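J.: Quick one: the structure is below, and I'll ask about it shortly.
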Amino acid sequence: MSIPLLEARNVTRVFGTGLFKKTGNVAVDNISLTISEDRPTITAIAGESGSGKTTLARLLLGALPATEGEVLYKGDPLSKLSRHKWREFRREVQTIFQDPFDAFNPFYKVDHVLTVPLSIFKLARSRQEANSQIVEALELVGLRAEDTLGRYPHQLSGGQRQRLMVARALLLKPKVILADEPVSMVDASLRATILESILKLKEERSITVLYITHDLTTAYQVSDRMIVLYKGSIAEAGDVEQVIHDPQHPYTKLLISSIPQPDPKEKWEKDAHGGALRPLTPGGCKFVDRCPAAFDRCHSTLPPLYMSSPGRAAACFLYRDHPVVEASEVLDTTAQPAL
Amino acid sequence: MTDPALQVENLRVYYHTRTGPVKAVDDVTFSLEKGERLGLVGESGSGKTTTALAIMGMIKPPAIIESGRVILNGRNLLQLSKEQYRRVRGNQIALIPQGAMNSLNPVMRVRSHIIDTIEAHRRIKRKEDISGQIQSLLAKVGLPSEVSGMYPHELSGGMKQRVTIAMGICLEPSVIVADEPTSALDVVVQMQVMATLEKAQQELNAAVILVGHDMGLMAQFCDRIGVMYAGKLVEIGSVEQIFEDPLHPYTQLLISSLPKFDKKGDFKGIPGLPPSAKNLPPGCTFNPRCPKVMDHCREVEPRFLEARPDRWTSCHLYEGAES
């Protein structure tokens, strides 16, 4: 296998350690992940608030230094990139943010976010060329240039603005796009168009997408594979069909059964419990306090990722007879077209 | 229809602005049976929260209740004085607010929040009685008793929302208005909080109005669903009917665009954008986005009629087919 485009090697990020506070908040705990450019895929990174999904995205973007471990871009650690390589990284790895309202400067016309990246990276030789690239990018996300260009951000809807952000990322011809909750601020009826343009990034432009979300339903809709995070660690990883329809980690099972399905015939398994104040015993599995299947060993030892079935990994001692794996090992075997 | 718990008739809430009135809620009519759970769904700006606030008597200028009646126990609440409404609010109708983290006072213990609510309506004679009452209230919403002495910052989001439920049910209201009570919570916690609300509601046999936009939650929690669009109630019916056989084209599109776990990569949205409440299209407000639009729809506003038994909708497709 060639050198992966982006690789997280045992990255850990701790917040809030300093002179006075000795114990910090571990947002991302020893996660390893590779993103190769061989086959474009959409990988969902799913987790609840506080699971470390946004921190992981920021580590991969180089927006936040890792406390331990390293993020590598084409084999070189981000912290030691040369100026030239850093620039290349900045172009090839793009992001789409959560809030389409904050991502624009209200004083500039929306054209600004499209023309500036082109001129900074010198991707167009003339104004005409820049213009044709912009029109093409807008078309891919389903926007018409005459409806959007020349307007101010407040004149566009949230859905249009978010699609402009997708177009902006697209203009730089990136290899990887990290989309952090791209549809959570958009009304339900407009979500579909954004998800559709994200899917097009992969299918028409061969861009690998990391789709970061708390919403398992939209994650299932667009992605090929899924990584479920819990308290900074990978709980489960694998092909999205299998993870959703046959979850193996007790946490994933709880998470999926908690989603209210928009169909009155599918019964919701409701359980009013969960208000207890139980402190976590350090060193054990992070889910042990809520796990219905917990046994002695779970309280004392942190489970590694086991290959629970071919192409699947779950960090749970229920699968202790299976071989220990890295998340990227199982994910790479499952990569396949979504539709 | 037997003895409804709450009736809302022709409710209109307008915002008066310099450029003319904005119809936030326009001619909304529905009723609630005792112990019934009604969901009010709609996109942002559709008027669902304003409807809920109007029922609570919490509409503030520049919004004004133009007309309509809200009938609880035979009394039209909209004719009550401020003080009379205050006695009803919290006592007979309770509100469970949207952001639990912002609705608790950070310098008050949980116990004091509940005592405040009770004292606003009843005289507390003995301190011992009240602490026993608080313990049983907390137990009802699944919180351990030590929570009563805690401050809001010591609690998780789900626990704070349980505290607001405890405050809501402490005076045993007959109607509970829950405005997106779980929108800031994670799915697992959402499921637990909704189960808690359901349990509390069933014990009181209270009617619930659940305001929200999550159709999944509505499908699982409610008995009946009212769909709002641009300030109007466009359809109301039982949850099974709304999901299996929606009548209004907006409801049909809404139901078919829901993401599910059994169909993949099938992105159906609703074409177009919701109209601005300031500048509504003439005729039916949904006509610019409606796939079944007729010439008639662009001129005449449809009436809210009983198209099938117990199923009300405002759409020209069903006019003349009233039962």
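J.: Would you please name the residue that is farthest from the chain's Cα centre (by Cα), looking only at residues in segment A:201-232 that are under 23 Å from residue A:326 (Cβ atoms) and basic (Lys, Arg)?
T.: Ranking the candidates gives A:231 first.
J.: Yes or no: residue B:199 at the interface with chain A (Cβ under 8 Å from one of its Cβ atoms), surrounded by fewer than 24 Cβ atoms within 10 Å (Cβ to Cβ) and more than 29 Å from residue A:222 (Cβ to Cβ)?
T.: Yes.
J.: Something else now. Looking only at segment B:230-241, count every residue that is out of contact with any His (no Cβ under 8 Å at 6 or more places or on another chain) and buried (at least 23 other Cβ atoms within 10 Å of the Cβ) and tell me the total.
T.: Going through segment B:230-241 one residue at a time, the tally reaches 6.
J.: Could you tell me which residue of segment B:1-26 is surrounded by the most Cβ atoms within 10 Å (Cβ to Cβ), considering only residues that are basic (Lys, Arg) and assigned to a strand (DSSP E or B)?
T.: B:23
J.: Of the residues in segment B:284-312, how many are closer than 19 Å to residue B:30 by Cβ and over 26 Å from the mean Cα position of the chain (by Cα)?
T.: Total satisfying the criteria: 0.
J.: Just the residues that are in contact with a strand residue (DSSP E or B) (Cβ under 7 Å, 6 or more places away or on another chain), more than 7 Å from chain A (Cβ to nearest Cβ) and not polar (S, T, N, Q), please, taken from segment B:232-245.
T.: B:232, B:233, B:234, B:235, B:236, B:237, B:242
J.: So which of B:305, B:247, B:258 ends up being of a type outside the set (Ser, Thr, Tyr) and under 30 Å from residue A:224 (Cα atoms)?
T.: After ruling out the rest, the residue left standing is B:258.
J.: Further question on the same structure: Can you report the number of residues in segment A:242-255 which are part of a helix (DSSP H, G or I) and either buried (at least 21 other Cβ atoms within 10 Å of the Cβ) or within 8 Å of chain B (Cβ to nearest Cβ) (or both)?
T.: Going through segment A:242-255 one residue at a time, the tally reaches 8.
J.: For the condition of a type outside the set (Lys, Arg), over 21 Å from residue B:214 (Cα atoms) and modelled with pLDDT of 90 or more, what is the one hit in B:8, B:25?
T.: B:8
J.: State whether the residues of segment B:213-231 include one that is more than 27 Å from residue A:258 (Cβ to Cβ) and within 13 Å of chain A (Cβ to nearest Cβ).
T.: Among the residues of segment B:213-231, at least one is more than 27 Å from residue A:258 (Cβ to Cβ) and within 13 Å of chain A (Cβ to nearest Cβ), which makes the answer yes.
J.: Tell me which residues, restricted to segment B:255-303, are farther than 30 Å from residue A:242 by Cβ, crowded, with 18+ Cβ neighbours inside 10 Å and either touching a residue at least 24 places away in the same chain (Cβ under 8 Å) or more than 9 Å from every other protein chain (Cβ to nearest Cβ) (or both).
T.: Scanning segment B:255-303 gives B:274, B:275, B:277, B:283, B:284, B:285, B:286, B:287, B:289, B:290, B:297, B:302.
J.: Output yes when any residue across segment A:207-226 is without any contact (Cβ under 8 Å) to a residue 24 or more places away in the chain, surrounded by fewer than 23 Cβ atoms within 10 Å (Cβ to Cβ) and within 14 Å of chain B (Cβ to nearest Cβ), and no when none is.
T.: no
J.: Which ranges mark the helices (runs of 4 or more DSSP H) fully within segment B:27-109 that have 1 or more residues being away from chain A (no Cβ under 14 Å), of a type outside the set (A, V, I, L, M) and more than 30 Å from residue B:255 (Cβ to Cβ)?
T.: Counting at least 1 such residues, we get B:82-88, B:100-103.
The values are calculated or read from the model by the stated rules, or taken from the named source; none is laboratory data. Predicted model only: the values in this text are computed from it and were never measured. A quick note on method: Cβ atoms are made from the backbone with ideal geometry, for glycine too, and the neighbour counts reach across all protein chains shown.
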